[in-house]
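Notes follow once the structure below has been shown.
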Number of protein chains: 2
Amino acid sequence: MFFSKEGFAASTRDLADQLGVRQALLYKYFPSKEALLDEVFEKAFSLHWAMAWSKVLFDQSQSLEDRLTHCYAAQLDTEDGIALRLFLRAALDGLLLPGRRLDLVKEKLVLPVIEELRREANLPGLDAQPLTIGEFELFMVLHSSIIFYAMRTYIYGGPMTEDMRAVVRLYVSTFLKGARAGLPSLHGSEAPASLKLPLPQKYAVA
Amino acid sequence: MFFSKEGFAASTRDLADQLGVRQALLYKYFPSKEALLDEVFEKAFSLHWAMAWSKVLFDQSQSLEDRLTHCYAAQLDTEDGIALRLFLRAALDGLLLPGRRLDLVKEKLVLPVIEELRREANLPGLDAQPLTIGEFELFMVLHSSIIFYAMRTYIYGGPMTEDMRAVVRLYVSTFLKGARAGLPSLHGSEAPASLKLPLPQKYAVA
DNA sequence: TTAGATAAATATCATTTGATAGAGATATCT
DNA sequence: AGATATCTCTATCAAATGATATTTATCTAA
C-alpha cells in the first residue's frame, strides 16, 4: 500500500496520483484523511497473521520443530512487508495495535508451545501453574528471531538468503534446544524470582 | 528528541515551540529542514552503541554467558528509545543506516562469539573457514531477542519486567545452549547447503 | 557610553495540503 | 430517447508549512 511506503503524512494528492485518479475524488469515498487511514488499517490488520496457527500447532503427528517451522515459515511466506511497515509506523505513532498483537501471539503460540514443553519436562500444566514471565520471554527468543528476520527483509532491505525455510528451521531448532535445556531450571530454585512471576495480562485496553 | 516522537514530517513550528523559540530562528542555524535533520541523525547515531562491546567481550576470565549478558544489558541500559525510534523511522523511510548497523554487529559481536564457539567445538577458525550464513543467522537468534526487547519497551510501550538483566541473561543462556548444541551440525553434512555458504559482505555502500 | 556584532522576534511570502462546491461525463432504468 | 442517479473532473478555499527579509533586543569591546 501507498502509506506503508510513504508514511501516514503523505499527501492525498500523491496517493490520488498513484491511483490514477483525481485528489478530490477520494473525498467522495472518505469523509476525511483520517477515515481513509482507518480503512487502510482495517484492511491491513484484519485477517493477516494468525491463520495457519492454531490448527497445525496441535497436530501431534509431527515434531514440535516441524510444526513451529511450518507455522512461522507460512507466516513469512504470506508476509509482503506492507503490513509490517504499516504496523511499525503505527507503533511509532503511538497506536496500541502492536501490544495487542503480542497478546494474540501469547494466546495462539506461547501457551500451546509452553504447555507442550512443560509436559515434555514433567512440569505442572498451565492450569495448575500459570505462564511465567520467564517462559514468555523464553518464547520471545524464537518470536523475535522471526520478526527481526522479516524486518531485515522488508524494512532494512538487506540481502537475505533465498532459503528462508532453512533459516526458520535453524531459529526453531536453536530455540527448542535452548528451551528444552533451560525450561526446568526456569522453575528451579536457582532461577531469578522475577522470571517466576506470572505473566500479567498485557496491554489491556478498555 | 523531537523528531523521534513526531516523525520527520513534523513541522518546524512545533519543533520551535517545544524549544521555546521562534520558528524563523531555526533558519539562522540551519539552511533548511533537511540540514537540520541531517544534524539530528549525526548526533543520534554517532557514538551510540558499540562502545561497551569489543573490550569486555574478549575478557576470557569471565564466562561467555556473563560477557554477552553484560554487553547487551549495558546496551539496553544506555538505550533511551530515542535512537531506536529515529533508527526505525529512518529505516522505514528508506535510509540505509540500518544495514550498516548490522555490519557493525557482525564485526564486533558475531565474529568474536562464533570464533569462540567454534574453538569450543573444535571446529576450524574463522581464518581457515569464513563465517557462514548459518552462523550469522544463529547469532541473530540472540541479537533479535535484544532488539525486540528494546522495541517492546520503547516502541510498543508494553509493560516490561523491571528485572531487565534477568531477561537478558535468559536470552543469552538460551541462545548459548542452542548454539553450542547446534553449531557442530551446522557444519555437518546434514546441514542445508544454503546455510553453509559464506556470508556475503552485506549492505555495502559506495 | 557607544559602535559593532550577535541573537532573537515580527511580519510576510510562496507552496503545499486537506477539504468543499459545482460542472461535466457515463451509466441505468423506464 | 429522456430522466435520473452515479461517478469523476475542474476550480477553489483556508489553513499549515518551509523559507526569507526586516526589525528589535542583547551582548561585547574600546
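The values are calculated or read from the model by the stated rules, or taken from the named source; none is laboratory data. Remember, predicted model here, so these are calculated numbers, not experimental data. With ideal geometry, Cβ positions are generated from the backbone for all residues, glycine too; neighbour counts draw on all protein chains shown. Only protein heavy atoms, including side chains, enter the accessible area calculation; ligands, DNA and RNA are left aside. Shrake-Rupley method; radii C 1.70, N 1.55, O 1.52, S 1.80 Å.
For residue B:14, the distances from its label point to the matching points in the remaining copies are 1.6 nm, ordered from shortest, with each point set 7 Å beyond Cα toward Cβ.
When averaged across all projection directions, what area in nm² does the alpha-carbon convex hull of segment B:68-169 cover?
For segment B:68-169, averaging the hull's shadow over all directions gives 7.3 nm².
Size descriptors for the protein assembly as shown: radius of gyration and Dmax over Cα atoms are 22.5, 70 Å. Taken over the alpha carbons of chain A as equal point scatterers, the Debye sum produces base-10 log I(q)/I(0) values at 0.15, 0.18 Å⁻¹ of -1.01, -1.30. Counting only residues at least eight positions apart within a chain, or on another chain, the lysines with an alpha carbon under 16 Å from that of residue B:33 are B:43.
Residues B:80, B:127, sorted by accessible area with the largest first, give B:127, B:80 [1.4 Å probe; ligands and nucleic acids excluded]. Legend: calculated FRET efficiency, residue A:28 to residue B:193, from the Cβ-Cβ distance at R0 = 41 Å, rounded to 0.05, equals 0.15.
Percent of Cα pairs in segment A:1-45 per distance bin of 10 Å, from zero to the largest separation: 27, 63, 9.
May I ask you to compute the full-extension gain from residue B:97 to residue B:65, defined as 0.36 nm times their residue separation minus their alpha-carbon distance, rounded to one decimal in nm? Intermediate values should be presented prior to the final figure.
Working: separation 32, 0.36 × 32 = 11.52 nm, distance 2.90 nm.
Fully extending the segment from residue B:97 to residue B:65 adds 8.6 nm.
Candidate membrane-span-like segments in chain A, meaning DSSP H helices with Cα atoms spread over at least 27 Å of their own axis and a Kyte-Doolittle mean of 0.0 or above, are A:164-187, with no membrane implied.
Counting heavy atoms of the protein chains alone, residue B:133 has an accessible area of about 20 Å² for a 1.4 Å probe.
If you put +1 on each Lys and Arg Cβ and -1 on each Asp and Glu Cβ, how big is the dipole of chain A around its Cα centre, in Debye rounded to 20? Walk me through the numbers before you get to the answer.
Values: 23 positive and 25 negative charges, 44 e Å.
Roughly 220 debye, rounded to the nearest 20.
I want to verify a result. In a Gaussian network model of chain B, Cα cutoff 10 Å, which of these has the top mean-square fluctuation: B:43, B:28, B:108? Per the Cα network of chain B with a 10 Å cutoff, B:28 tops the list.
What is the gain in length, in nm to one decimal, between residue B:2 and residue B:119 on full extension, counting 0.36 nm per residue of separation less the C-alpha to C-alpha distance?
In short, 37.5 nm is gained.
Cβ under 13 Å from residue A:195's Cβ, residue A:195 left aside: what net charge do those residues give with Lys, Arg +1 and Asp, Glu -1? Intermediate values should be presented prior to the final figure.
Working: positive: A:196, B:165, B:169; negative: A:135, A:137, A:190, B:162, B:163.
Residues near residue A:195 contribute -2 overall.
A simple spin-label model places the labels of residue B:19 and residue B:111 3.9 nm from each other, with each point 7 Å out along Cα-to-Cβ.
With all protein chains present and a 1.4 Å probe, how do B:140, A:164 order by accessible area, largest first? Please report the intermediate quantities before stating the final value.
Values: B:140 0, A:164 30 Å².
Highest to lowest solvent-accessible surface, that is A:164, B:140.
Amide H to amide H, with H built 1.01 Å from N, residue A:132 comes under 5 Å of A:199, counting only residues 5 or more places away or on other chains.
From the protein chains alone at 1.4 Å, what is the descending order of accessible area for A:110, B:21, largest first? Could the numbers behind the result be given before it?
Working: A:110 0, B:21 45 Å².
Sorted by accessible area, descending: B:21, A:110.
Net charge within 15 Å of residue B:115 by Cβ-Cβ distance, Lys/Arg positive one each and Asp/Glu negative one each, not counting residue B:115 itself?
Local net charge: 0.
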